[in-house]
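> My questions will all concern the structure given below.
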Amino acid sequence: KRALVTGAGKGIGRDIAKLLHECGATVIALSRTAEDLESLGREIACKTITCDLVDADAAREGAGQAGEGDLLVNNAGISILDPFLETKVEDFDKIIAVNVRAMMVVSQVVAKNMIARGVSGAIVNLSSVGSKLGIPDHTGYCRLPFYVPLSTTSFFLRRRVFLGGSSGSIPGPVILSI
């Protein structure tokens, strides 16, 4: 099986990519930082795609470069820390672009490919514990994760005939140096 993992350069996404590789999947790792992907490539044999998911066209192109797949793990996510009263609109827009819009764009590309090939695959969307409780100074980030479970359910109800499944996961916080 071929698995595309977004946000595979660091944290949870990196561990998911390594676990999928250990389970025998051919991994396609997508991340914005080439150095992170290069080090992952040294750890596991995987195809890497450097892509900044802030740009919808780049997200679409990156997903297309992944080629045929059986599994998509939408893991990419960012947070820009600011108290509510100091949150900048451009930072909020960037969070939406990566955490919400890129998930939709990449899912569309992968799902259309699966449907065109008549393949029963799976799409897994990761959210955050921020969808259940607030996290200090994560104003933009905590407003978005509720979208993931709802859109995952909506997508699955519409496409369950074509896809084997669609699911979401809500892990806790991960502190990374970015």
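> Using amide H atoms built 1.01 Å from N in the peptide plane, name the residues 5+ places from THR48, or on other chains, whose amide H lies under 5 Å from its own.
Under 5 Å from the amide H of THR48 lie the amide H atoms of ALA29, each far enough along the sequence or on another chain.
> List the lysines whose alpha-carbon lies under 27 Å from that of LYS88, not counting same-chain residues fewer than 8 positions away?
Once the sequence-local lysines are set aside, what remains near LYS88 is LYS10, LYS132.
> In segment 1-120, with Lys and Arg counted as +1 and Asp and Glu as -1 at Cβ, which of these residues, LEU71, ILE12, SER39, has the Cα nearest the positive end of the dipole, that is, farthest along it?
LEU71
> Report the extension gain between ALA34 and ILE80 in nm, rounded to one decimal, defined as 0.36 nm multiplied by the number of residues separating them, less their alpha carbon distance.
14.5 nm
> Using 7 Å Cα-to-Cβ label points, what is the GLU22/GLU68 separation (nm, one decimal)?
2.9
> What accessible area, in Å² to the nearest ten, does a 1.4 Å probe give for ASP93?
80
> Now for a different question. Dipole magnitude of segment 1-134 about its Cα centre, charges +1 at Lys/Arg Cβ and -1 at Asp/Glu Cβ only, in debye to the nearest 20?
The calculated dipole for segment 1-134 is roughly 520 debye.
> Just to check I understand the Karplus step: with θ = phi - 60° and J = 6.51 cos²θ - 1.76 cosθ + 1.60, what whole-Hz values come out for segment 85-97, glycine and proline as x?
3J(HN,Hα) across segment 85-97, in whole Hz: 6, 10, 5, 8, 4, 5, 5, 4, 4, 5, 4, 4, 4.
> Ordering VAL27, VAL119 from largest to smallest accessible area (1.4 angstrom probe), what's the sequence?
Listed by decreasing accessible area, they come as VAL119, VAL27.
> Fully extended, how many nm does the chain gain between ASP15 and LYS88 (0.36 nm per residue separation, minus their Cα-Cα distance)?
23.1 nm
> From the phi angles alone, apply the Karplus equation (6.51, -1.76, 1.60; θ = phi - 60°) to segment 23-37 and give each ³J(HN,Hα) in whole Hz, x where the residue is Gly or Pro.
7, x, 6, 7, 9, 10, 9, 10, 7, 7, 10, 4, 4, 5, 5
The values are calculated or read from the model by the stated rules, or taken from the named source; none is laboratory data. All values reported here derive from a predicted model rather than from experimental measurement. Cβ sites come from the backbone with ideal geometry, for glycine too, and all protein chains shown count toward neighbours. Please note that ligands, DNA and RNA were not included when accessible areas were found on the heavy atoms of the full protein model with its side chains. Shrake-Rupley method; radii C 1.70, N 1.55, O 1.52, S 1.80 Å.
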